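Okay, structure first, notes after.
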Ligand code: UDP
């Protein structure tokens, strides 16, 4: 059988593309290296709890298009992400908002909080390049947004653990993901829509791929020529540097390792996400999965046990799972070189976090796949 499309990777990008192609009357074959679908949004049910096996995923978007699309494949609950930071036993609300500022400094009004931040910014002006400086890196951006103390307690340790690089060598856009609010509002995302798919992400992707041929445990790059002959167009969602045999050098990624525990108790931390923002604690955060679904199973009953995951961040090496592209200047330049090679591959579409080497959120992945599948 010859297909219109061969989709390499059954993660979110691949699933959306395949679903749209099928809906447009095209024939599609999806192949996937792992022995399961859904890529890094894969969830697995344990004791009635949908465990996010490759890290917590909270769907959030401002896009009506992305929200309407994803809701065709699952109903969403109204979970709102409100992580808490634990700095050496001091607990702070995230994202940075009036609750955090009050906990940190005792201030009670937005004016007082803004004055405190401005005072810190003024103190750092000389160091950062004088009046009118434009933040050049994550440290400068963070101090300008929330002041030196919050940077030291809630940002520096966490960020350096997550990225394995000093904050003054990281791009400022990473921290711009986080809202700063002069309101008493602990909602982590500035998003019109937010929630967790009821029943888990795996079921959602399963419904996207309904009626589409999927082959699991298949290594595309090891048998590239054979698979390339099967279709007119290839949609490749693996790492772009791996596609080209790392011929220009390897791009850097961050990997994550999870220490998962099933505990014989109903409540470990009573919040889905607690970040450990000091630099000594070896993990970045502890996820308690049941709270993404309010501690209830699919029949609305309280779950007597709980599953937690401690998240450890590490530099990616061959054989590890790549999670986050390291979008610093050096890697960005190298990616541009790979991108030039990719443009010459006429019948290949490169997509997703790994194929485009971008720190995408799920909604951005969906929008990009929808756009590409229209062409
Ligand atoms: N961040 C931080 N302190 C926190 C949480 C986040 O400094 O307690 C910063 C950090 O630089 C991190 C970025 O915000 O790299 C994005 O973090 P988040 O956990 O939201 O990213 P995710 O891993 O969920 O994509």
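Readers should treat all values here as calculations from the given coordinates under stated rules, not as data from a laboratory. Treat the numbers as computed from the prediction; the structure is a model and nothing was measured. Ideal geometry is used to build each Cβ from the backbone, glycine not excepted, and the neighbour counts take in all protein chains shown.
Region 21-65 to region 68-124: how many Å between their Cα centroids?
So the two Cα centres are separated by 29 Å.
When the convex hull of the Cα atoms of region 1-98 is projected onto a plane and the area is averaged over all directions, what value comes out in nm²?
About 10.1 nm², averaged over all directions.
First measure r as the distance between the Cβ atoms of residue 226 and residue 62, then evaluate 1/(1 + (r/R0)^6) with R0 = 30 Å and state the FRET efficiency to the nearest 0.05.
Details: r = 42 Å, r/R0 = 1.41.
My answer for the efficiency is 0.10.
May I ask for the Rg/Rh ratio of region 54-135, computed from Cα atoms with Rh as the Kirkwood radius, given to two decimals?
1.14
Can you put 284, 226, 61 in order of Cβ neighbours within 10 angstrom, beginning with the fewest?
Ascending number of Cβ neighbours within 10 Å: 226, 284, 61.
Find the all-direction average of the projected area of the Cα convex hull for region 168-262, expressing the result in square nanometres with one decimal place.
Details: hull surface 49.7 nm².
In nm², the orientation-averaged hull projection of region 168-262 is 12.4.
Over region 82-214, what relative contact order in percent results from Cα pairs under 8 Å that are six or more residues apart? Write down the numbers at each step before the final one.
Values: 145 pairs, mean separation 39.1, N = 133.
It comes to 29 percent, rounded to a whole number.
So between residue 134 and residue 337, what do we pick up on full extension, going 0.36 nm a residue minus the alpha carbon distance?
Working: separation 203, 0.36 × 203 = 73.08 nm, distance 2.78 nm.
Here the segment from residue 134 to residue 337 would lengthen by 70.3 nm.
If you average 1/r over all unlike Cα pairs in region 73-195 and invert the result, what Kirkwood radius do you get in angstrom?
The Cα-based Kirkwood calculation yields 15.4 Å.
Given a Förster radius of 41 Å and the C-beta distance between residue 305 and residue 279 as r, what FRET efficiency does 1/(1 + (r/R0)^6) yield to the nearest 0.05?
So the FRET efficiency works out to roughly 0.80.
Could you grab the relative contact order for region 239-299? Cα pairs under 8 Å, six or more apart, rounded to a whole percent.
For region 239-299, the relative contact order is 21 percent.
Considering only 175, 196, 84, give the residue with the highest GNM mean-square fluctuation for the chain, with springs between Cα atoms whenever their separation is below 10 Å.
Largest GNM mean-square fluctuation: 175.
Hey, any idea what Rg/Rh is for region 229-375, computing Rh the Kirkwood way over Cα pairs?
Details: Rg = 19.6 Å, Rh = 18.2 Å.
Rg/Rh for region 229-375 comes to 1.08.
Sort 317, 368, 114 so the one with the fewest other Cβ atoms within 10 Å of its own Cβ comes first.
317, 114, 368
Please find, in a Gaussian network model of the chain (springs between Cα atoms separated by less than 10 Å), the residue of 37, 70, 287 whose mean-square fluctuation is greatest.
Evaluated over the chain, the most mobile residue of the options is 70.
Measure off 7 Å from each Cα along the Cα-to-Cβ vector at residue 328 and residue 126, then give the distance between these two points in nanometres to one decimal.
Going by the 7 Å Cα→Cβ label model, 2.8 nm.
Taking Rh as the Kirkwood radius, which is the inverse of the mean 1/r over Cα pairs, what is the Rg/Rh value for the chain?
That ratio is 0.98, to two decimals.
Just the projected area, averaged over all directions, of the convex hull on the alpha carbon atoms of region 210-281: how many nm²?
10.3 nm²
Ranked by Cβ crowding within 10 angstrom, fewest neighbours first, how are 100, 202 ordered?
Result, fewest neighbours first: 202, 100.
Output the relative contact order of region 308-375, whole-number percent, from Cα pairs under 8 angstrom with separation of 6+ residues.
So the answer I get is 30 percent.
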